[in-house]
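Undergrad: Attaching a single structure in structure tokens format; questions to follow.
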Amino acid sequence: MKPYSSLDALPPVYCGLCGREISPGGQYWYINGQSVCQACLGEFARQEFAPCRIIHGKEEGL
């Protein structure tokens, strides 16, 4: 990736879940080709790990 000398010159980055722009200097995660803002990280994790979800007391099918 090309380094930028000024935050003003950065191209916009948008969250792949909520669509909000991630402002220069803002935190985000780039996971599997998708940018995820800090506010959406928990929901993203729930979606990604949904196949691993187990309900206590319902493990007999494992």
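The values are calculated or read from the model by the stated rules, or taken from the named source; none is laboratory data. Keep in mind that this is a model prediction, so the values were computed, not measured. Ideal geometry is used to build each Cβ from the backbone, glycine not excepted, and the neighbour counts take in all protein chains shown.
Undergrad: Could you list, in sequence order, the residues of segment 1-30 that are hydrophobic (A, V, I, L, M, F, W, C) and modelled with pLDDT of 95 or more?
TA: V13, C15, L17, C18, I22, W29
Undergrad: Now, a different point. Which pairs have Cβ atoms under 6 Å, sit 6 or more apart or on different chains, and link a residue in segment 16-30 that is among the polar types (S, T, N, Q) to one that is modelled with pLDDT of 95 or more?
TA: Q27/Q38
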